[in-house]
Amino acid sequence: MKALIVSSGPPEALGPIAQVYPVGALPFLGRSLIAHQLARLCEAGVREVLVAMHHAPDQLEKAIRTGTPPGLRIRTTFARTAEGPWASVREHRGFCDETTLVVMADAALLGDLAGAIAQHRATGSALTALLGDEGPTAWLVEPGLLARDPFPLEELAQGLVSGTGSHADPRHGHRVSDPVRYRRALFAGSPDGVVVDPGARIHPEARLVGPAWIGPGCRIEREAQVGPRTVLTDGVQVGRGARVEDSVVLGGTRLGLASTWRDRLVWRCGSFPLGADPADFSASDDVAPTVAEPWDEVLAAGLDWAIALFALIALAPLWLLIAFAIVLDDPGPVFFSQLRVGQDPLARRLGRLQGRVFELYKFRTMAVGAERQVDALLAENAYGASPFFKLEQDPRVTRVGRFLRATSLDELPQLLNVVLGDMRLVGCRPLPLYEAAALQEDWQRLRFACPAGITGLWQISGRSDLSAAERMVLDSYYSVTRTLWTDWGILLRTVPALLLQKGAR
């Protein structure tokens, strides 16, 4: 028995995704869609398959090579028309010299093909349509029907719509011709709950919410949430704190730290809403253009980098001493990292908070697991109902931690953030995610227009002695008045502020 895999036409419904994946190469349940089709055809007794491709032959040929079952003969050819599946059958009817299973290239989860073939032969039908959730996914065709000349293209096309002259079998799967159907087909083939491929790596502190499907080679970092109703295909990386819901993420895509994706189809080139017209996709919605930095910003960043690198080397012995004291006082990690929100001049980038999210490093000053106690301590917030959180006497702080905070030595590892380009020596303090999300007014958000810094106008003006409103005003004022020279003035005034320990706790 033979099979002919044909396309219904150019894959406009997949939009720009088709530039990366021809429909047969789409990842599907741990392999390509066409590999899934070939496996089902082989199980049904098919021994020879002709694949009529419309585009992207290299990707499809690779998917066929890696997914062909033993004993199955595969040939590929270009489809010269976009008039629909039966036009492709007309082109290749010489191949169909016996009972032939004509399969749509976007058909997934083909049902009981062996049973359908037996029923087709028992009824003596010339044409049997195998119906999926939204119309035909495949047909069983006898050669006599295709031998007529002229070829009955219009008659066959009308018959597919009305069901005339065909036997309908409604057990035969889904079409994946657009992103919404693609997600539906993946979930139809997976059990309820969360399905994780053995090749995926999930951090213990990541959260998976079913239904969700996580493909091979995926990596989900700490504090990330995937699901519900989410599909990660192959090699997707979900950054720390990212949240993905009701979305499909195609292979090789990395989702940034603390980014949020809801009801979208995402891949390396960008994204668009599921259910929207992919023709409306614009890469500029997601991929920000490069912005040239003014000369004084470049000079200041270079000086900060050089100073931070020198300080890292010069203070290495002090780091070792602090590390020994931390472990001796409270066994556990020496360093503490937290997602913080800093500067992003292109703050409208999809899926982000107001600024760029990065991991901020400090010496650990609290007992292990202190972050999980924040909700229980909110009532004691020294800033009241403001977005900022601070305790007058924090019970989570260790003895060494109190000394490190009073002397600001706990901030030393942020020199590494400066070297990495996440921060500058002078700027607005980067905020935890929950604090950044709570800043709703435009004047409050001005702080994200300037770099995140180790020290700043707030630090030299009283730190924790200031109210939340005063702190926000200082941050916004600094962001609109800062220059290279004011930054150096703040840096010089930081030294006496540290020695006097003004507002440090």
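No lab work stands behind these numbers, since they all come straight from the coordinates. Predicted model, so just to flag it, every value in this text is computed and none were measured. Glycine gets a Cβ as well: all are built from the backbone with ideal geometry, and neighbour counts include every protein chain shown.
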### Query
Given 10 Å bins starting at zero, what is the percent of C-alpha pairs of segment 227-271 in each, up to the one with the largest pair distance?
33, 66, 1
### Task
Could you tally the net charge around residue 99, taking each other residue with its Cβ under 13 Å from the Cβ of residue 99, Lys/Arg +1 and Asp/Glu -1?
-1
### Compactness index (Cα Rg / 2.2 N^0.38 Å), segment 448-492
1.08
### Summary
A correct Karplus calculation of ³J(HN,Hα) over segment 118-123, with 6.51 cos²θ - 1.76 cosθ + 1.60, θ = phi - 60°, whole Hz and x for Gly and Pro, returns 4, 5, 4, 5, 5, 7
## Note on the structure
Counting all Cα-Cα pairs in segment 190-285, those more than 21 Å apart amount in percent to 23
### Karplus-derived HN-Hα couplings along segment 325-340 (A = 6.51, B = -1.76, C = 1.60, θ = phi - 60°), whole Hz, x at Gly and Pro
5, 4, 5, 5, 6, 8, x, x, x, 6, 9, 10, 10, 8, 6, 10
### Message
Can you list residues from other chains, or at least 5 along the same chain, whose modelled amide H is less than 5 Å from the amide H of residue 366?
### Response
398
### Amide H contacts of residue 195 (H built 1.01 Å from N, under 5 Å, at least 5 apart or other chain)
212, 213, 214
### Query
Using modelled backbone amide H atoms (1.01 Å from N, in-plane), which distant-in-sequence or interchain residues come within less than 5 Å of residue 431's amide H?
341
### Task
Would you mind putting 114-120, 418-424 in packing order, based on average other-beta-carbon counts within 10 Å, highest first?
418-424, 114-120
### Task
Among the GluC sites (Glu not before Pro) in segment 196-230, which ones are in a DSSP loop with at most 16 other Cβ atoms within 10 Å of the Cβ? Mind listing them?
205
### Query
Per-residue HN-Hα couplings for segment 101-108, Karplus 6.51 cos²θ - 1.76 cosθ + 1.60 at θ = phi - 60°, whole Hz, x for Gly and Pro?
8, 8, 10, 5, 4, 9, 7, 10
### Task
Only loop residues by DSSP count here, and only those with at most 12 other Cβ atoms within 10 Å; note down the trypsin sites (Lys or Arg not before Pro) in segment 62-123 that meet that.
80
